[in-house]
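Here is the structure we will look at.
Please treat every number below as a calculation from the coordinates, not as lab data. Since the structure is predicted, the reported quantities are computational estimates derived from the model, not experimental observations. Here the Cβ is made from the backbone with ideal geometry for all residues, glycine too, and neighbour counts use every protein chain on show.
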Amino acid sequence: MVSQITRGIKISVLTNFEGTYFKNHKMHFAFTYHITIENHSKDSVQLTTRHWEISDSLNHLEIVDGEGVIGKKPVLKPGEQHTYSSGCLLMSPFGAMAGFFNMINFTTTRTFKVTVPTFRLSAPFALN
């Protein structure tokens, strides 16, 4: 698990390799990731958007920007947490994801970025 705290918001990530799949006559490697967002600040916040940079060991890079996470824009009061799971397909058995969440602080009405620490995606059978 990797974790990082930005402005009182802790992001923790766990990953799993799910298997290989053929898509468009090419092998893909499927991964899931489980993210927990914890509000350790004194203010209520809301996640509004996400930004991902997904790369694999073949130098493929995919940028993903969107509203919320899995269709939700969670509001977190102080001490609360939100956990969700999602996934991605890579063209190789190794890769990584990094990014950030844009959030709004309800006390100050200001937006801020919360860094999602870089997390590795690796198929166990490919490890030496």
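Computed values, structure above
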quantity	calculated
Filter pass, Ser57 being surrounded by 15 or more Cβ atoms within 10 Å (Cβ to Cβ), in contact (Cβ under 8 Å) with a residue 60 or more places away in the chain and more than 13 Å from the chain's Cα centre (by Cα)	no
Residue in the stretch 62-80 that is surrounded by the fewest Cβ atoms within 10 Å (Cβ to Cβ), counting only those that are part of a strand (DSSP E or B) and over 15 Å from the mean Cα position of the chain (by Cα)	Val75
Enumeration of residues in the stretch 81-108 that are closer than 13 Å to Leu47 by Cα and not in a strand (DSSP E or B)	Phe106
Residue satisfying all of: in the stretch 116-128; of a type in the set (S, T, N, Q) and assigned to a strand (DSSP E or B); surrounded by the most Cβ atoms within 10 Å (Cβ to Cβ) among these	Ser122
Which numbered condition Lys113 fails, given (1) touching a residue at least 40 places away in the same chain (Cβ under 8 Å); (2) in a strand (DSSP E or B); (3) under 16 Å from Ile54 (Cα atoms)	(3)
